[in-house]
Structure formats: C-alpha cells, structure tokens
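Have a look at the structure below before the remarks.
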Amino acid sequence: MWILGIDTSCDDTGVGLVKDGEVAVNLVASQVALHQAFGGVVPELASREHLKVIRPLAETALAEAGIGPKDLSLVAATRGPGLIGALLVGYTFAKGLAWALRKPFYAIHHLEAHIAAAWPPGLNPPFLALVASGGHTHLFAVEALGRYRLLGATRDDAAGEAFDKVARLLGLGFPGGPEIERLAQEAREKVPFPVPLKDQKGYEFSFSGLKTKAVQLVEAGHPAPALARGFQEAAVEHLAQVVIRAAQDTGHRVLLVAGGVAANRALQARFQEAGLTVYFPPRGLSQDNGAMVALAAWRRYQGGFPPSPLSLGATAYWPLEEA
C-alpha cells in the first residue's frame, strides 16, 4: 500500500512516500536560502516557492519509488495549522490529485504528523508527546490515536523561534537551532541564563525572557560562544523540567519528542538521562516533511478512521484536540 504525503505548512516543501507503514521516499525542498536575508520566513515568498516546486518534487518522489500516480492507495496533506497561503498550495494539490485518481484523501494535522514521525512501531498509548519546533511548543498526553489532551504550551515564543531570534542577534545564519548548537560546542565556558518558570506548578513554557536576557548579554559584550552555550542549556533545561514534572504528576513513563528542536543533541542527551523511555524521530524526519504526513495517514487508515471530504478546507488555526 503506497501513501503520498505532502506538507507545505511553512517554508519547506515536503513530499514523502510510505509503503505499508515504512518510509520509502522523503524529499524536502528547502527555502532557507530564500528567507535567510530576512532572518525569518516571508509568507508570500514561501507560497510562491511552493507553487514552483510542488509538482516536480512529487514527480521526482514517484520516480525514486519506481511507481506511478495510479499505484497510490491514498493521498494525504497537511490541512493545518500553518501559514494559510503556504498550506493551500500543498493541500489543494493533494486534493486535486486524489480527486483525479479517485483515491481516498486524508487531511492531516501538522502536530499529529510530527508525533507520527517519532512514534515507533509497536508502541501503544498512553504516553506523553512534546512537539517543539519553530512554530510550536506543545506538550500532550496521547491517550489514543486521535485523542490528545493538551497539558501545556508556550506563553509566547516557540522554542525553535527563540533559537532563531537569538541566532540572528548573534549574527548567525537561519535557521538558528543548528547554528546555536554548533557555536555552543565551541565554548569553553558559558554565560548563565535563568531557567524560565522554574517554580511553576503547571506545564507552560516561555522563551521570551531568554531572548531578552540574550539582548542584555550581547550589549554587555559577552563572547558569542559562551552566550550560545548558556542560552541553549537554559532552553533545554526549561523544556526538560516541564516535561519531567508532567511525567511525575501524570505517571507517564514514555515520552515522544518531535519537531525540529528534537534534532538538538543537547536536548536529546538531557531527556535520555531523565529516567523516561524516550523516542525521537529518525534522521530526516524532525523538520517539516511529507513522509510524516504519510505516516500519520497510514496510522489513521489502519485505525479505521474514514477519509476526509474533499470539501474540507485548509485552516491556519486548528487545535490538535479537535483533529
């Protein structure tokens, strides 16, 4: 059974193919060079670039798999949340393809797709899932496929967004996460940052204070490597403290960490020493991609979820609890 998954929720064009629950092809057309001069994603430019590459990327994915469109069993795409102009490109393309082929279509939630990327075969709920990326920082209790309970989210910046902003402050490239991680490894010492919301009893996140502290430290003339290391350690510790508190309070011992920030090696090391059974996405599935969308569709199909009506539109705002 072949499933085509498409993601154009932000700036990367992702097309993936899953065969019987296994990733066969995962292609991502990055727009980093396009947006780097602006220090962040320009929505209109992202939408136009998606339009340019979506069809040839899909054709390349099918060619790499050695199949044609008629070999597909179903088609899936990210419905939301995300940049609405960008979403519409991939979502409309996928719906049109499903209609032309007379194949079932699955509208997939972007965060469910990220969770599906880190969800190993054989693991059954319940468990915790942390999705940390440039646009999202959410902690869920996954009670079953399609049943998600939000435990906490960021009050302000997403984790990846904070990495991007601090990287720009330090004159580093975009996206900022890999740049901060690289620079932090060069540091022999660190500039200390306070861990946000350290005394809270809930499960909220906040990264705006770390960004403000970084501005103050840069103005004070602290070296960039030490500053990058201090920021990264505080951001990672903040994520870890909230998740560990939630695990202790809820009794969950299994954690999935998904999203672009999941690729950070300092974050991985911190969670692996936390006493939890932790799963991360395989290489290439942390960032936005189409294969994770196909994996989510595969799970929904296997779970008996019906296809989505082609009349269902894309949406910029869509709580996972309503997916």
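Key figures for this structure:
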| quantity | calculated |
| --- | --- |
| Which numbered condition ALA220 misses (of (1) among the aliphatic types (A, V, I, L, M); (2) in contact (Cβ under 8 Å) with a residue 40 or more places away in the chain; (3) open to solvent by 50 Å² or more (accessible area, probe 1.4 Å)) | (2) |
| Close pairs (6 angstrom Cβ cut-off, 6 or more residues apart or separate chains): on the phi > 0 side of the Ramachandran plot in the stretch 100-116, among the aliphatic types (A, V, I, L, M) and open to solvent by less than 10 Å² (accessible area, probe 1.4 Å) anywhere | none |
| Residue in the stretch 52-72 that is within 27 Å of LEU320 (Cβ to Cβ) and within 19 Å of the chain's Cα centre (by Cα) present | no |
| Exclusive hit being of a type in the set (A, V, I, L, M), in contact with a helix residue (DSSP H, G or I) (Cβ under 6 Å, 6 or more places away or on another chain) and buried (at least 18 other Cβ atoms within 10 Å of the Cβ), set ALA118, ALA77, ALA158, ALA58 | ALA77 |
| Residue that is farthest from the chain's Cα centre (by Cα) [pool: residues in the stretch 277-298 that are surrounded by fewer than 18 Cβ atoms within 10 Å (Cβ to Cβ) and either modelled with pLDDT of 95 or more or of a type outside the set (Lys, Arg) (or both)] | THR277 |
| Filter result for the condition that a residue is surrounded by fewer than 20 Cβ atoms within 10 Å (Cβ to Cβ) and in contact with a helix residue (DSSP H, G or I) (Cβ under 9 Å, 6 or more places away or on another chain), over LEU34, LEU83 | LEU34 |
| Evaluation of GLY40 against (1) over 18 Å from the mean Cα position of the chain (by Cα); (2) farther than 18 Å from LEU97 by Cα (one fails), failing number | (1) |
| Scan of the stretch 299-315 for residues that are open to solvent by 50 Å² or more (accessible area, probe 1.4 Å) and among the hydrophobic types (A, V, I, L, M, F, W, C), ordered by number | PHE305, LEU310, LEU312 |
| Residues (surrounded by 22 or more Cβ atoms within 10 Å (Cβ to Cβ) and either farther than 28 Å from MET1 by Cα or over 18 Å from the mean Cα position of the chain (by Cα) (or both)) located in the stretch 94-115 | ALA94, LYS95, ALA98, PHE105, TYR106 |
| Helices (runs of 4 or more DSSP H) wholly inside the stretch 23-120 that include at least 3 residues being over 27 Å from PRO282 (Cβ atoms) | 43-65, 84-101 |
| Residue satisfying condition, being buried (at least 23 other Cβ atoms within 10 Å of the Cβ), under 19 Å from the mean Cα position of the chain (by Cα) and either of a type outside the set (Lys, Arg) or in a helix (DSSP H, G or I) (or both), within set ALA141, ALA129 | ALA129 |
| Residues located in the stretch 223-261, provided they are open to solvent by less than 20 Å² (accessible area, probe 1.4 Å) and either within 20 Å of VAL191 (Cα to Cα) or modelled with pLDDT under 95 (or both) | ALA226, LEU227, ALA228, GLY230, PHE231, GLN232, ALA234, ALA235, VAL236, HIS238, LEU239, ALA240 |
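For (1) of a type in the set (Gly, Ala, Ser); (2) at negative phi; (3) touching a residue at least 12 places away in the same chain (Cβ under 8 Å), each residue gets a yes or a no:
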| position | (1), (2), (3) |
| --- | --- |
| ALA263 | yes, yes, yes |
| ARG283 | no, yes, no |
| ALA294 | yes, yes, yes |
| TYR301 | no, yes, yes |
| PRO306 | no, yes, no |
| ALA314 | yes, yes, yes |
| TYR317 | no, yes, yes |
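The values are calculated or read from the model by the stated rules, or taken from the named source; none is laboratory data. Not measured: the values here are computed from a predicted model. A quick note on method: Cβ atoms are made from the backbone with ideal geometry, for glycine too, and the neighbour counts reach across all protein chains shown. For accessibility, only protein heavy atoms count, side chains too; no ligands or nucleic acids. Shrake-Rupley method; radii C 1.70, N 1.55, O 1.52, S 1.80 Å.
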